[in-house]
Amino acid sequence: MNQLSVTALLQTRTVGVRDVACDGACRHRSPSECAASTFLVFPYRGAYVRHVGRRDAVAEANQVVFFNRDQDYAISHPVGGGDACLSVSIDEDLLAELSPADQLEAGGAPVFRGPARTVEPEVQALSARLRRGLARGAFEPLQAETLTLGLVRRALGDRASRARASSYGRRKLADRAKLVLASDPGRRWTLAQIAGDVGVSPVYLTQVFAQAEGVPLYRYQLRLRLARALDLLADCEDLTALALDLGFSSHSHFTAAFRGLYGSPPGDFQRASRRTWSDPA
């Protein structure tokens, strides 16, 4: 049986934020559960699969996962090591106002059509900043609410945006590749190794993954590795060791990749995470 650890970080009339960790002890599909309200879940460590009817969604650090109110679901952990997520709930009227219409079912309370959505690097960074700041009590309530709404707005994208189209088969193949990558984020994977685990040719894998996710496979993996760095930086004492653990060839390689994705070097992010965050919205 999976063991959950839930830490309430913020609760107001407008938003709620929780840090949820699961040990992932049970690899098999869990008994059916039902969300009491709609949650947007931002995984930041590990991976799991969420099953809604016949639809599955891989939850890892490149995704925001939608848990709709009154929707039955189950969870499985095909990748060991458990997971941790930032779970956000928002007043339904505000959520409807924030959400692009093409991402919601028509009528009634906000219900997301898709099970998950790929997020941009700035969303990963903002999620890490919000989680760290709330855990340290660094935000006044108004600032915390504003940052949370900003996180959701950026995760959902422009209200006029269009969801990326992908066939069911392509999505399933991309999900299998995501699980392979999540099983060992710091490993220096080769294309042949990933394709072999997924069961397709390297050429086909690269084509289908890019079509399904909108980014090349190698860039998707880089984002996973750097998202893991966001989780570890605040408590890290040796950036070179962290870089090597995450599969980078050197401290400078890690720094260049981190700066390229998040706009500042890891040392700056680390120092900022140990003091009160300014409002980046």
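The values are calculated or read from the model by the stated rules, or taken from the named source; none is laboratory data. Everything numeric here is computed off the predicted structure, so don't read it as measured data. Don't worry about glycine lacking a Cβ; one is built from the backbone with ideal geometry, like all the others, and counts go over all protein chains shown.
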**Message:** If a residue must be in contact with a Gly (Cβ under 8 Å, 6 or more places away or on another chain), modelled with pLDDT of 85 or more and among the small types (Gly, Ala, Ser), how many such residues does segment 136-173 contain?
**Reply:** 1
**Request:** Kindly indicate whether residue 248 is more than 16 Å from the chain's Cα centre (by Cα), surrounded by 13 or more Cβ atoms within 10 Å (Cβ to Cβ) and assigned to a loop (DSSP other than H, G, I, E, B).
**Result:** yes
**Asked** Would it be correct to say that residue 259 is at pLDDT 90 or above and either loosely packed, with under 13 Cβ neighbours inside 10 Å or closer than 20 Å to residue 179 by Cα (or both)?
**Response** no
**Asked** Can we say residue 254 is within 15 Å of residue 126 (Cβ to Cβ) and crowded, with 20+ Cβ neighbours inside 10 Å?
**Response** no
**Fill in**
When restricted to 142, 151, 147, 126, the only residue free of Cβ contacts under 8 Å to residues at least 12 places away in the same chain and assigned to a helix (DSSP H, G or I) is 142
**Message:** When the residues of segment 73-94 are narrowed to those that are more than 23 Å from residue 176 (Cβ to Cβ) and at pLDDT below 95, which ends up surrounded by the most Cβ atoms within 10 Å (Cβ to Cβ)?
**Reply:** 90
**Request:** Return yes or no: is residue 181 under 19 Å from the mean Cα position of the chain (by Cα), surrounded by 15 or more Cβ atoms within 10 Å (Cβ to Cβ) and touching a residue at least 40 places away in the same chain (Cβ under 8 Å)?
**Result:** yes
**Request:** Just name the residue that is surrounded by the most Cβ atoms within 10 Å (Cβ to Cβ) out of those in segment 197-206 that are assigned to a helix (DSSP H, G or I) and in contact (Cβ under 8 Å) with a residue 24 or more places away in the chain.
**Result:** 205
**Message:** Given the criteria in the same structural domain as residue 261 (by TED's automatic domain parsing), buried (at least 16 other Cβ atoms within 10 Å of the Cβ), touching a Phe, Trp or Tyr at 6+ places or on another chain (Cβ under 8 Å) and more than 23 Å from residue 6 (Cα to Cα), does residue 209 qualify?
**Reply:** yes
**Request:** Please verify whether segment 227-241 includes one or more residues that are closer than 30 Å to residue 54 by Cβ, crowded, with 16+ Cβ neighbours inside 10 Å and not assigned by TED's automatic domain parsing to the domain that holds residue 151.
**Result:** yes
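Results for (1) touching an Asp or Glu at 6+ places or on another chain (Cβ under 8 Å); (2) closer than 27 Å to residue 58 by Cα, shown as yes or no for each residue.
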residue: 192; (1), (2): no, yes
residue: 196; (1), (2): no, yes
residue: 212; (1), (2): no, yes
residue: 223; (1), (2): no, yes
residue: 242; (1), (2): no, yes
residue: 248; (1), (2): no, yes
residue: 262; (1), (2): yes, yes
residue: 265; (1), (2): no, no
residue: 270; (1), (2): no, no
**Message:** When the residues of segment 101-123 are narrowed to those that are touching a residue at least 24 places away in the same chain (Cβ under 8 Å) and of a type in the set (Asp, Glu), which ends up nearest to residue 54 (Cα to Cα)?
**Reply:** 102
**Prompt:** Which residues, counting only those in segment 129-139, are over 16 Å from residue 89 (Cα atoms) and part of a helix (DSSP H, G or I)?
**Reply:** 129, 132, 133, 135
**Prompt:** Residues of segment 8-23 being surrounded by 15 or more Cβ atoms within 10 Å (Cβ to Cβ) and either modelled with pLDDT of 90 or more or touching a Phe, Trp or Tyr at 6+ places or on another chain (Cβ under 7 Å) (or both), which ones?
**Reply:** 9, 10, 15, 16, 17, 18, 19, 20, 21, 22, 23
**Item:** Single residue of 13, 50, 45, 29 found to be in contact (Cβ under 8 Å) with a residue 40 or more places away in the chain, closer than 26 Å to residue 173 by Cα and part of a loop (DSSP other than H, G, I, E, B)
**Value:** 29
